[in-house]
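Have a look at the structure below, then the notes.
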Amino acid sequence: MGAPASDDIVVDHLTKQYKKLRAVDDLSFSVRSGRVTGFLGPNGAGKTTTLRMLLGLVTPTAGNATFGGQKYTDLHDPIRQVGAVLEASSAHRGRSGRNHLRMICRAAGLPDSRADETLELVGLTPAAKRKFKGYSLGMKQRLGIAAAMLGNPKVLILDEPANGLDPEGIRWMRDLLKALAAEGRTVLVSSHLLGEMQLLADDVVIVAAGKLIRQGPVDEVLGSMGAAQVRVRTPQAAELTTALAAIDAKVSPQSDGSLLVSGAEAAAVGHAAFTASVELHELVSERGDLEQVFLQLTAGMAGIR
Amino acid sequence: MNLINAELFKLRTTAIWWIMGIVLLPLYAASVLANWAQFANTSPDDAAGTDQAEQVRAALEPINVATSLYTSGQFFGILIVLLLSAIIVTSEFFHLTATTTFLVTPKRESVILAKFGAAAIVGVFVWLLTTVLNMIVVPPIMSQLDLSTQLGEGAVWRAIGLNLLAFVLWAVLGVGLGVLIRNQLAATLILGIVYVIGTSVVGLIFYLLTQYVAHWFENLQVLVPTTASALMISGTELPGNPPRWVGAAVLIGYAIVAGVVGTLITKRRDIS
Ligand SMILES: Nc1ncnc2c1ncn2[C@@H]1O[C@H](COP(=O)(O)OP(=O)(O)O)[C@@H](O)[C@H]1O
Ligand SMILES: [Mg+2]
């Protein structure tokens, strides 16, 4: 891995009590430098509230959240250190995308040219002069990212950036975030979709009902949540089943003709097939019903509170 | 300075400034005409009581005619400045841009201070606009009323200066009230209606209180912001009115209270 062991973001016993509802409940976690961390939880889990407390927009009832030991509101020149994308629709309807960015540049003392550079980065240059109300949801998300990148910050925070994007937009977002992380940035991105995080995140923090459920590298957390499975297709199902029984793997035939193998890694399955001279047509690692496990983990804590 | 620049940029890059401009110009023209007509048609003999006749006579002195005419457009100009100042705040919440604004500048008192500054500049700008127009159109009106331009009189320039003070104070007041009434529609409606109709309604209430309850209520009328600002710019002391500085003090008081309360509220409020 080689990632430095420092933490860029530390959330420490953070609590937010709304009148009757404890939206965030004694939540603690940390986000490591130079990695993509997925902040996962069902709707209403308190993700947005947590991120807004982190960014000094909402006052915590208790606890605190810091960037390199400093509160956001105490950061010198915050947008040069932390970039945030919160709602997709947070620009004036009658203002052009470029003017929206320039407005931020002026307040932050950045040159206007940064607006054009970040528009280019997110591919919005052709729509720079169009009014915000004419933007599609995907364009609004792109503008949000452009705004977050104006100060070229080391830390990026995004709240459900995939919401409302089409599959192509989601892929674009994923590639961009990965590229930004590869440049050494720390990325914290919230989502209620586990599948998306599997493809993007290095680490995950899972919350439900305002509480921490689990935190750690994505493979570790997911591994503990559901056992690995290997899907194989072969014209010699019987021979393969015998060979796999020898290495203590369990085989369950599926309705589509494939076999689902648990208790062995893909390499072990392939090796067993090779030594038994069994022809394979497909060999894939799969996680057994992770969404299901995620839902179980957070069961009874999701939904309307 | 960056922040004030950004606030003015926000105002410039939406349609609101020219909409307000289009609204203001006819209202300004109407004010000038109404002022003119009033001075052309009133004579002291029309007034009923001796006190009133005295006031009318004073108002018709050339110097007082001049101060009124050279500050034409104050009523509606200030209305526009009041609404724009409130919108400088409320639009942040209406368009959900408050999040962006406070992410860039988490020290919220700086944002509010910048908004006060930007609103004051808007106030100066509208004052400048109406004053320049007055300088162009009023001299011919004065000569038509058989009066000299009166531009040599210190009192006229003092009235113009105090008119500027009124614009700035109302701008500050508008920002403070915009924080208090965060809903854009509510803020524009309430401020607009209270400013335009409220003055007469409150005037009527004070008239009734003065007539039927106690005479000293009359002296409290200066606590009404619009009355205070009218009093502040009136050229010379009119008989039966409190001194001019009282009007200024009342307005400054309101502006400070609105500013401090507005800043405190903004600092505490959750932005979600
Ligand atoms: N300003 C508020 N007042 C009262 N309740 C709120 C407020 N903001 C959020 N909540 C509630 O807090 C809970 C967590 O909300 P949120 O942080 O938006 O969750 P998530 O982003 O994970 O979907 C929800 O039940 C929501 O209704
Ligand atoms: Mg949310």
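Where a number appears in this text, it was derived from the coordinates with a stated rule and is not lab data. Keep in mind that this is a model prediction, so the values were computed, not measured. For neighbour counting, all protein chains shown are included, and Cβ atoms are generated from backbone atoms with ideal geometry for every residue, glycine included.
Here are the numbers for the structure shown:
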{"item": "Chain A - percent relative contact order, Cα under 8 Å, separation 6 or more", "result": "21 percent"}
{"item": "Length added when fully stretched, B:Ser143-B:Ile22, from 0.36 nm per residue minus Cα-Cα", "result": "40.6 nm"}
{"item": "Peptide-level mean, for B:7-17, of C-beta atoms on other protein chains within 10 Å", "result": "4"}
{"item": "Inter-probe distance in nm under a simple model that places probes 7 Å from Cα toward Cβ, at A:Asp248 and B:Leu204", "result": "9.3 nm"}
{"item": "Angle between chain B longest axis and helix B:50-59 axis [Cα atoms, degrees, rounded to 10]", "result": "70 degrees"}
{"item": "In Hz, Karplus ³J(HN,Hα) per residue of the stretch A:139-149 (6.51, -1.76, 1.60; θ = phi - 60°; x = Gly, Pro)", "result": "5, 5, 4, 5, 4, x, 5, 4, 4, 5, 8"}
{"item": "DSSP-loop GluC sites (Glu not before Pro) across the stretch A:184-279, with at most 13 other Cβ within 10 angstrom", "result": "A:Glu265, A:Glu279"}
{"item": "Nonlocal amide H pairs with A:Leu156, under 5 Å, H built at 1.01 Å", "result": "A:Gly83, A:Thr186, A:Val187, A:Leu188"}
{"item": "Pairs of Cα atoms farther than 36 Å apart, the protein assembly as shown, %", "result": "52 percent"}
{"item": "Three-way shape call for the stretch A:229-286 based on the alpha-carbon gyration tensor, with the a/c threshold at 1.5", "result": "rounded"}
{"item": "For chain A, with +1 on Lys and Arg beta carbons and -1 on Asp and Glu, the positive-most of A:Leu222, A:Met103, A:Gln236 along the dipole", "result": "A:Met103"}
{"item": "Peptides ranked, highest mean first, by Cβ atoms within 10 Å: ranges B:257-264, B:1-8", "result": "B:1-8, B:257-264"}
{"item": "DSSP-defined antiparallel bridges as percent of all bridges, the protein assembly as shown, nearest 5", "result": "65 percent"}
{"item": "Among A:Leu280, A:Leu21, A:Leu55: highest mean-square fluctuation, GNM of chain A, C-alpha pairs under 10 Å", "result": "A:Leu280"}
{"item": "Lysines whose Cα lies under 23 Å from that of B:Lys10, excluding same-chain neighbours fewer than 8 positions away", "result": "A:Lys129, A:Lys131, A:Lys133, A:Lys140, B:Lys107, B:Lys115, B:Lys267"}
{"item": "Averaged over B:106-114, number of beta-carbon atoms from partner chains that fall within 10 Å", "result": "2"}
{"item": "Listed residues B:Ser143, B:Ser31, B:Ser229, most fluctuating in chain B (Gaussian network, C-alpha, under 10 Å)", "result": "B:Ser143"}
{"item": "Helix-only [θ]222 nm of the protein assembly as shown, DSSP H runs n ≥ 4, -39500 (n - 2.57) each, per residue, nearest 500", "result": "-17500 deg cm²/dmol"}
{"item": "Using a Förster distance of 51 Å, the FRET efficiency for B:Ala40-B:Glu109 (Cβ separation, nearest 0.05)", "result": "0.50"}
{"item": "Rounded to 10°, Cα long-axis angle of helix A:97-108 versus longest principal axis of chain A", "result": "70 degrees"}
{"item": "Efficiency of FRET between A:Thr275 and A:Ala182 - r from beta-carbon atoms, R0 56 angstrom, step 0.05", "result": "0.90"}
{"item": "Simple label model, 7 Å out from Cα along Cβ direction - B:Leu128 to A:Asn152, nm", "result": "3.6 nm"}
{"item": "Hydrodynamic radius of the stretch A:7-224 per Kirkwood, over alpha carbon pairs, in Å", "result": "17.5 Å"}
{"item": "Listed residues A:Ala249, A:Ala209, A:Ala45, most fluctuating in chain A (Gaussian network, C-alpha, under 10 Å)", "result": "A:Ala249"}
{"item": "Virtual spin-label span in nm between A:Lys19 and B:Asn183, 7 Å along Cα→Cβ", "result": "1.6 nm"}
{"item": "Largest-first principal axis extents, alpha carbons of the stretch B:75-118, Å", "result": "37, 20, 9"}
{"item": "Folded to 0 to 90 degrees: helix B:154-180 orientation relative to chain B principal axis, Cα", "result": "40 degrees"}
{"item": "17 Å Cα-Cα reach of A:Lys20 towards aspartates and glutamates, excluding residues that sit fewer than 8 places from it in its own chain", "result": "B:Asp270"}
{"item": "Cα-derived Rg over Rh, computed across chain B with Rh taken as Kirkwood radius", "result": "1.01"}
